[in-house]
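Quick notes on the structure that follows.
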Amino acid sequence: MTSAPGRPAARWSGPLREGPAGGWRDGDPVGGRRWVHLPAPLELESGEALPGVRIAYQTWGRPNARRDNAVLVLHALTGDSHVAGPAGPGHPEPGWWDGLVGPGLALDTDRFLVVAPNILGGCQGSTGPSSTAPDRRPWGSRFPHITLRDTVRAEAAVADALGVERWAAVVGGSMGGMRALEWALTLPDRVDRALVLACPVAATAWQIAWTSPQLHAVRADPDWSGGDYHLTGRAPVDGLGVARRIAHVTYRGPGELDTRFGRRPQDGEEPGRGGRFAVESYLDHQAWKLARRFDAASYVVLTEAMNGHDVGRGRGGVERALKDMPERTIVAGVDTDHLYPLARQEEIARHLPVPGRARVISSPHGHDGFLLAVDRVGELVRELLGDLR
Ligand SMILES: CC(=O)SCCNC(=O)CCNC(=O)[C@H](O)C(C)(C)COP(=O)(O)OP(=O)(O)OC[C@H]1O[C@@H](n2cnc3c(N)ncnc32)[C@H](O)[C@@H]1OP(=O)(O)O
Ligand SMILES: N[C@@H](CCO)C(=O)O
């Protein structure tokens, strides 16, 4: 085992403990996390049924009398329900779109009820491979293959619990953007508008190719134990760390890394003589940071769900499918994104019911620009929702 600086202990601390259940209650803390339990096993696209599903979610703002002011925000691969707000119990970091949600902000909590679930298959409160199965053991390798459409059907229970028949909008980037597309196409009566950021209409060979060494890295870790490591006291943190290093390079811009790090050695280290370049140290930091907060089996399940992303499946192809998107759909991408390049968003925009061009998020940060260029994302949200009262 490597003893690289920052490497976490080889175990993962497990899913969050249960909190309050149910839908909207006056007086609940803003941003507080709640859980919805599905009343029946979830019928998966594969034909299997998944029993005992619960979905964790957070809310900000209040529902109006007609309950038509709810906006669903969908997180990316390693995100969670904590879109906004300070770090606190269960949330070691501030919200990942802090600055977008609050009074007077683009997702104005004086006007909207903002709702963010943790995805099915994840590890931040919703049912995933690290959760307990009905036999009281972790699901582990028995957790079924899920699709992004399955995640949408599971989240319908959150809308039901909140009394929301139709989202005023669904908003998401990367995997969240894929899921925004799937929400609008799987449950079209329940989505009025959509903001789709930094994602493709279907996973491409290029995108799947980048995930292949990541999946191999996790599964090659001896602590993976075929996916059944949750009770062993060890977790495949080295494999997950390698996966994150590979993924993180795809998430950032080459110009950005050159500018930030250049050929600089990490302080006090000598590259080539056992030491690292600063950029290598940066990737090590990203690796261990994720390994501390994310379950490797969730990473595998969700990566495979993204690889299966194809809005055209069973819908007569992607062009036919996109014709059923809401008329009020905005698509945007990051100009330096080499993982999900702007051409992929142009492809979506071209085939919408009201065809147009993709909006551009100008950012040096590559794919992660959709997380970091909060002001620009705020402009797009205002463009989508500005006329709603
Ligand atoms: C629950 C949570 O922890 S977050 C959950 C929600 N997260 C998400 O939804 C998305 C996942 N998050 C991400 O992808 C990323 O965190 C992003 C994109 C939001 C972060 O992007 P940025 O703000 O640009 O961070 P950046 O890539 O510059 O990394 C900064 C980190 O690298 C560290 N760093 C910078 N240079 C070096 C170096 N040479 N060696 C080691 N570490 C370095 C910084 O100290 C900083 O550490 P910290 O994050 O622990 O404070
Ligand atoms: N940095 C993002 C990229 C995936 O879109 C994440 O980890 O979720």
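Annotations for the structure displayed:
- For His145, His230, order by how many other beta-carbon atoms lie within 10 Å, fewest first: His145, His230
- Amide hydrogen neighbours beyond the local backbone of Leu77, cut-off 5 Å, H modeled: Met175, Gly176
- Ordered by the count of other Cβ atoms within 10 Å of each Cβ, fewest first, Ser141, Ser363, Ser126 give Ser141, Ser363, Ser126.
- The calculated FRET efficiency for Arg260 paired with Asp110, based on their beta-carbon distance and R0 = 41 Å, is about 0.60.
- The chain - share of DSSP beta bridges that are antiparallel (%, nearest 5): 40
- Note on region 206-306: Kirkwood radius taken over Cα pairs, Stokes-Einstein applied at 37 °C and 0.692 mPa s, translational D equal to 225 µm² s⁻¹.
- Close amide H contacts of Phe277 (hydrogens built in the peptide plane, cut-off under 5 Å, sequence separation of 5 or more or a different chain): Gln266.
- Residues Asp110, Asp284, Asp150 arranged by fewest to most Cβ contacts within 10 Å: Asp110, Asp284, Asp150
- The translational diffusion coefficient of the chain, from Stokes-Einstein at 25 °C and 0.890 mPa s with a Kirkwood hydrodynamic radius over alpha carbon pairs, comes to 115 µm²/s.
- Using the alpha-carbon positions of region 171-247, Rg (one decimal) and Dmax (whole number) come out as 16.8, 47 Å.
- Relative contact order, percent, region 206-306 [alpha-carbon distance under 8 Å, six or more residues apart]: 28
- Inter-part distance, region 213-275 to region 326-351, computed on C-alpha centroids, equals 29 Å.
- Sequence-separation-based contact order of the chain, relative, with Cα cut under 8 Å and 6+ spacing, percent: 18
- Residues whose placed amide H lies under 5 Å from that of Val331, excluding near-sequence neighbours: Val196, Arg359
- Each Lys and Arg contributes +1 and each Asp and Glu -1, all at the Cβ; summed about the Cα centre of the chain, the dipole is approximately 280 debye.
Taken together, the values in this text are just the output of simple stated rules run on the coordinates, not laboratory data. In this text the structure is predicted, and so the values were computed from the model without any measurement. Virtual Cβ from ideal backbone geometry, glycine too; neighbours counted across all protein chains shown.
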